[in-house]
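Participant: Submitted below is the structure of interest, expressed as structure tokens.
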Amino acid sequence: MQIGIIGLGKMGFNLALNLQRNGYEVVAQDVNTDFVTKIGQEGITTALSVKELCNKLIDRKVIWLMVPAGEIVDGVITSLIPFLEKNDIIIDGGNSNYKDSKRRYSQLKELGIDFLDCGTSGGTSGALNGACTMIGGDAPVFEYVAQVFKDISVENGHLHTGAAGSGHFTKMVHNGIEYGMMQSIAEGFEVFEHSEFDIDFEKTAKLFNHGSVVRSWLMELTENAFSKDPKLDGIKGIMHSSGEGKWTLETALDLGVPTPVIALSIMMRYRSQMQDTFSGKVVAALRNEFGGHAVEKNE
Ligand SMILES: NC(=O)c1ccc[n+]([C@@H]2O[C@H](COP(=O)([O-])OP(=O)(O)OC[C@H]3O[C@@H](n4cnc5c(N)ncnc54)[C@H](O)[C@@H]3O)[C@@H](O)[C@H]2O)c1
Ligand SMILES: O=C(O)[C@H](O)[C@@H](O)[C@H](O)[C@H](O)COP(=O)(O)O
């Protein structure tokens, strides 16, 4: 079976190799020609435009998008439409907002083009060696490519989650959980860091990975990170985010569902990006106003 893949960055490149290893005939394209050249060196058929990519795909085309979420996905889909026929399938494997995926499904449906939204988890190593995939869209369309998801995922690591949008909805909530779990691990180690004991972080993370309740892939990654830099002195504690946690919180608020851990983990990410805060100044000023409590002055 042939699969077109658009977007050969951290995920798409590895996914293309994963597909190739599983016997698929991959045709790969990216706006970054360096990545196109590099994947070509792996024996994968390349294309320099979506037109060329579509020309190299025969029969019912299956095209996997692995590009940044948002307008880029809309742009790529718009550029593909003139070269697609009815029942061709677009799979969006990126971290798109599920509301966008529902809209794209409906817009493509009107043209007779099939669309699946696929939340892809497991990071770059998962993309290469076996991912976790959660797929929304029409059941017959899913069935047509079910083997692809089975092949690129770990055992029991793929699921048709239901109607269009549900794949990315599931991935969004997964990432909300991810934010909370990471924040919790981080806070535990912060307590260690400030304690009276000389706790070895790497050894402790390793210990936690052997039989403890909190053993997990995230704890293994924690162990891994401390093995490379015992106190993480080489990096700043600035935490970026690509939006999934925010969308989870927004959705929870819309649904009236309390999600305090996820909410606070997002606040901590935003806070980490600020050197100082205006709210901190206001509280310090008010304490000083009502209680004469000391403030720390700027130099
Ligand atoms: N990195 C991860 O661990 C991870 C895991 C799961 C899902 N995702 C999601 O997968 C998607 C891709 O992530 P990534 O980490 O590979 O990003 P990336 O930035 O490494 O790669 C994106 C690629 O898309 C290409 N691209 C951009 N615009 C394009 C266009 N118009 N046409 C063709 N190619 C275009 C870029 O050149 C780049 O190579 C994102 O939605 C991301 O959120 C990432
Ligand atoms: O399941 C996964 O493989 C990860 O969640 C993956 O999707 C990615 O690393 C996130 O995009 C990071 O998300 P933030 O940038 O929001 O932390």
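The values are calculated or read from the model by the stated rules, or taken from the named source; none is laboratory data. A quick note: this is a predicted structure, and the numbers were derived from the prediction, not measured. Cβ: placed from backbone, ideal geometry, glycine included. Neighbour counts: every protein chain shown. The accessibility values were calculated without ligands, DNA or RNA, using every heavy atom of the protein model including side chains. Shrake-Rupley method; radii C 1.70, N 1.55, O 1.52, S 1.80 Å.
Participant: For the range 102-144, which positions are open to solvent by less than 40 Å² (accessible area, probe 1.4 Å), in a helix (DSSP H, G or I) and within 16 Å of ligand 1 (Cβ to nearest atom)?
Facilitator: Correct list: R104, G123, G126, A127.
Participant: Follow-up. Does any residue of the range 239-261 turn out to be more than 19 Å from G176 (Cα to Cα) and either among the β-branched types (V, I, T) or within 16 Å of ligand 1 (Cβ to nearest atom) (or both)?
Facilitator: Within the range 239-261 (the criterion being more than 19 Å from G176 (Cα to Cα) and either among the β-branched types (V, I, T) or within 16 Å of ligand 1 (Cβ to nearest atom) (or both)), the answer is no, since none of the residues qualifies.
Participant: Quick check on my filter: what residues within the range 208-255 are acidic (D, E) and within 16 Å of ligand 2 (Cβ to nearest atom)?
Facilitator: Matches in the range 208-255: E220, E244, E250.
Participant: Looking at (1) surrounded by 10 or more Cβ atoms within 10 Å (Cβ to Cβ); (2) in the same structural domain as N175 (by TED's automatic domain parsing), which is the only condition H210 fails?
Facilitator: Of (1) surrounded by 10 or more Cβ atoms within 10 Å (Cβ to Cβ); (2) in the same structural domain as N175 (by TED's automatic domain parsing), only one is false for H210: (1).
Participant: State the number of residues belonging to the range 48-79 that are in contact (Cβ under 8 Å) with a residue 40 or more places away in the chain, more than 16 Å from ligand 2 (Cβ to nearest atom), of a type in the set (A, V, I, L, M, F, W, C) and surrounded by 14 or more Cβ atoms within 10 Å (Cβ to Cβ).
Facilitator: Adding up the residues that qualify gives 7.
Participant: Then there is this: G157 passes all but one of (1) within 15 Å of ligand 2 (Cβ to nearest atom); (2) open to solvent by 30 Å² or more (accessible area, probe 1.4 Å); (3) in the same structural domain as K102 (by TED's automatic domain parsing); which number fails?
Facilitator: It is condition (2) that G157 fails.
Participant: If you don't mind, another one. May I ask you to say which residue of S242, S265 is in contact (Cβ under 8 Å) with a residue 60 or more places away in the chain and either among the aromatic types (F, W, Y) or part of a loop (DSSP other than H, G, I, E, B) (or both)?
Facilitator: Within the list S242, S265, the selection yields S242.
Participant: List, please: which pairs have Cβ atoms under 9 Å, are six or more places apart or on different chains, and start with a residue in the range 121-137 that is closer than 10 Å to N18 by Cα and end with one that is part of a strand (DSSP E or B) and within 7 Å of ligand 1 (Cβ to nearest atom)?
Facilitator: G126/T120; A127/T120; A131/T120; A131/S121
Participant: From the set of residues in the range 3-37 that are in contact with a Ser or Thr (Cβ under 9 Å, 6 or more places away or on another chain) and closer than 15 Å to V145 by Cα, which is least open to solvent (accessible area, probe 1.4 Å)?
Facilitator: Checking each candidate, the answer is V26.
Participant: Then there's this: With respect to K171, is the statement that it is in a helix (DSSP H, G or I) and open to solvent by 60 Å² or more (accessible area, probe 1.4 Å) true?
Facilitator: It is false that K171 is in a helix (DSSP H, G or I) and open to solvent by 60 Å² or more (accessible area, probe 1.4 Å).
Participant: Going residue by residue through the range 276-295, is there one that turns out to be in contact with a Phe, Trp or Tyr (Cβ under 8 Å, 6 or more places away or on another chain) and in a helix (DSSP H, G or I)?
Facilitator: No, the range 276-295 contains no residue that is in contact with a Phe, Trp or Tyr (Cβ under 8 Å, 6 or more places away or on another chain) and in a helix (DSSP H, G or I).
Participant: Give the residue that is farthest from I77 (Cα to Cα), with candidates limited to residues of the range 1-38 that are polar (S, T, N, Q) and within 16 Å of ligand 2 (Cβ to nearest atom).
Facilitator: In this case the residue turns out to be N18.
Participant: Look at the range 188-223 and say how many of its residues are among the hydroxyl-bearing types (S, T, Y), in a helix (DSSP H, G or I) and within 19 Å of S265 (Cβ to Cβ).
Facilitator: Adding up the residues that qualify gives 1.
Participant: Would it be correct to say that L128 is in the same structural domain as G70 (by TED's automatic domain parsing), more than 16 Å from ligand 2 (Cβ to nearest atom) and not acidic (D, E)?
Facilitator: No.
Participant: Name the one entry in G43, G75 that is within 14 Å of V26 (Cα to Cα) and assigned by TED's automatic domain parsing to the domain that holds E25.
Facilitator: After applying the criteria, what remains is G43.
Participant: Let me ask you something else. When both residues are 6+ apart or on different chains and their Cβ atoms are under 8 Å apart, which pairs have a first residue that lies in the range 84-96 and is within 14 Å of V62 (Cβ to Cβ), and a second that is part of a loop (DSSP other than H, G, I, E, B) and within 16 Å of ligand 2 (Cβ to nearest atom)?
Facilitator: The qualifying pairs are G93/M66.
Participant: Now for a different question. Can you tell me which residue within the range 80-101, out of those that are within 16 Å of ligand 2 (Cβ to nearest atom) and charged (D, E, K, R), is least open to solvent (accessible area, probe 1.4 Å)?
Facilitator: By that ranking, first place goes to D92.
Participant: Give me the residue from the range 213-243 that is under 25 Å from the mean Cα position of the chain (by Cα) and farther than 25 Å from Q273 by Cβ and, out of that set, least open to solvent (accessible area, probe 1.4 Å).
Facilitator: The selected residue is M219.
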